[in-house]
Structures are given as C-alpha cells and as structure tokens.
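Shown next, in structure tokens, is the structure this report addresses.
Please treat every number below as a calculation from the coordinates, not as lab data. Bear in mind that the values here come from a model prediction, so they are computed numbers and not experimental data. As a convention, Cβ positions derive from the backbone with ideal geometry for all residues, glycine included, and neighbour counts pool all protein chains shown.
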C-alpha cells in the first residue's frame, strides 16, 4: 500500500464522465456487494489512461474470489481487498462480458476466465489522505474508490447538490468518485440508473461531514505491460453533468422538510393502514423519514423499495 502525497494545485474542475471514461451505472441488486463496484469504478478510468480503452470490468470476480472460503461477499467488504486479490493473482481481472454479475457470491472462477487487464496489471493500491483537498488532487489522475455512511435521507435523493445533516456513524457503503467542480464532488452509485441523477449523486464541496466521504478513499496502482489492448472500448455512460455549478443546486428531498405535528412518534411510522399512512405523510414526514415521498401514494423514489419498517431504501439495505 502507498499513501498519496500532495503535489501541485489541481485544476478547477475535472469530470471523467464528460471525457467518456466512466462506464454506465450498474445495479448491485439484493447483494451487499457495493465494495466490488467501488473497486471496479476506481480502476476503470485509470486503466483507460494507460490503455486508451474503457473496460467494463467484472465485479463478480471480486465477489466470488476475494473472500472465498472466509465469508459471503454479499455481506460486505472493502475495495482495497479487491486490489490485493488482483495483485496476488498476477494483476488480473476479467471483463463483465466474460464473467457476468449474478447478485450472489459463488465459487471463484478467476483462473478460468480471460484476463481483461491487457495493457496494465494491478500491483497494489494507494490510500488517499482523509481530507477533501487530498481527494480532489487524487481525482485529477483518475476515479477513486470511496466509502461513506448511507442514511435514509440519502436514499431519497433525486437530484442536485446534497448536504446530509443526518449522519450518525461509520461508513456503510462503497461507491466511486468520478470527478469534481468547485461546488460538488460527483459520485457514481451502484443502485441502477433510475436512482438519483441517472445513478449519480453530487456531494457538496466544502461541507465538513459529507457522511465520511473522504475518509476511506483509495485507487489501484498499475504497471504497464507493454502490450496493446486491441479490444474495442466498452460503452461509456451517457450521463454528463453540467459544468455550470449554478444548474440545479438544490437537492431533492428538501433538507428543510419538517413535521407539521408536534407530537410525532417513531412507532407511528410502521402502521400501514391506508388512512393512517396518509395522516403520517401529511403531519410527520420528517420523523417517519418520508421527506423523499411525493404525494400520498406511498411510492418510493426510483432505485428503492419500501422496507418492512415503512422506510424507502435500496433493496439490499432493507
């Protein structure tokens, strides 16, 4: 492991999505495999910088192989362990085309699948210092694997620049930082393209918390092989955020969402009688974490479902 050191002042903005060097958003489904998506996302722009090719790498190889014989990878993990696995196995990683995602931890098939790391090999990883400035500097050279705390408020996110004031604990979700502007850090999630802004979220710059976004960042170290990757590039995401930071600065749900009633109680939130749901949505939206719901139909934001406790979350977090 290496620790990134400060160099020169970074450019004002860098959005790897707008350079065509970020693959389309994927959906981890019911498996807690976010750590594999964070690791793969942290690799793809850096492999492109070496090879000139955008490669859709296989999260499933990491899911099946990194903790094989130890535990179920759907119960969580760390992106750094993915890079260690690749290093121990000749720097390899398959493509999704050869090793498709199944939403389940299966037997490791890494040795029997073609290695898509043609032009470069993974030889370790670099841990980024836990500050916004260090993360921004690291983003100038490629995407980053990052982790933060997902809250109920975050799961209701639809668009805009978010400042989450509800964080209480440790990071529980790994994602990929794929760029920045003076006002936001752009993050690629793994909950499908219908969640958030086409599967992406903008975290506010200069905000002290951001639910721990800058504390656990890393990226893989690559050594060139001297070989050319002659396979055509995989498809890049169609999402290209505006570089004008004044466009759509306000997040949904409304961070100023409040209860109308003064005596709201948590135990009210789980009662599912239709007339009671309507009352709770009208008078106790903040207490019952319904600030992201529009109207009285009880529909959850895209990319989430209503869990048994009445709160809208991504399916693997119910």
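With the simple model of a label 7 Å out from the Cα in the direction of the Cβ, residue 263 to residue 275 spans 1.9 nm. When you restrict to C-alpha pairs under 8 Å that are six or more residues apart and normalise by the size of the chain, the relative contact order lands at 23 percent. Once the Cα atoms are used to define both axes, helix 34-51 deviates from the longest principal axis of the chain by about 40 degrees.
Can you pull a Stokes-Einstein diffusion coefficient for the stretch 36-105 at 25 °C (0.890 mPa s), Rh from Kirkwood over Cα pairs, as a whole number of µm²/s? Roughly 200 µm²/s, to the nearest whole number. Estimated from helical segments only, the mean residue ellipticity of the chain at 222 nm is -5000 deg cm²/dmol, where each DSSP H run of four or more residues counts as -39500 (n - 2.57). Estimated at 0.36 nm per residue, the fully extended path between residue 75 and residue 24 surpasses their Cα-Cα distance by 15.9 nm. Note on residue 68 and residue 306: their simple-model spin labels are 4.3 nm apart, each label 7 Å out from Cα toward Cβ.
Residue order for 218, 193, 308, fewest other beta carbons within 10 angstrom first, comes to 308, 193, 218. Computed extension length for residue 235-residue 205: 7.9 nm, one decimal, from 0.36 nm per residue of separation with the Cα-Cα distance subtracted. Each of 26, 202 was scored by other Cβ atoms within 10 Å of its Cβ. Listed from fewest to most, they are 26, 202. Semi-axis lengths, largest first, of the ellipsoid equivalent to the stretch 12-61 are 22, 13, 9 Å, with √(5λ) applied to each eigenvalue of the Cα gyration tensor. A straight chain from residue 123 to residue 283 at 0.36 nm per residue would run longer than the Cα-Cα distance by 52.1 nm.
Sorting 271, 55 from the fewest to the most surrounding beta carbons within 10 angstrom yields 271, 55. Diffusion of the stretch 1-130 by Stokes-Einstein, at 4 °C in a medium of 1.567 mPa s and with Rh set to the Kirkwood radius over alpha-carbon pairs, works out to 84 µm²/s.
Convex hull volume per residue, computed on the Cα atoms of the chain, equals 135 Å³.
The orientation-averaged shadow of the Cα convex hull for the stretch 111-245, equal to a quarter of the hull surface, comes to 10.0 nm². With respect to the chain, whose longest principal axis is taken over its alpha-carbon atoms, helix 79-88 is tilted by about 20°.
In degrees, nearest 10, range 0 to 90: what is the angle between the Cα axis of helix 274-283 and the longest Cα principal axis of the chain? The two axes meet at around 80 degrees.
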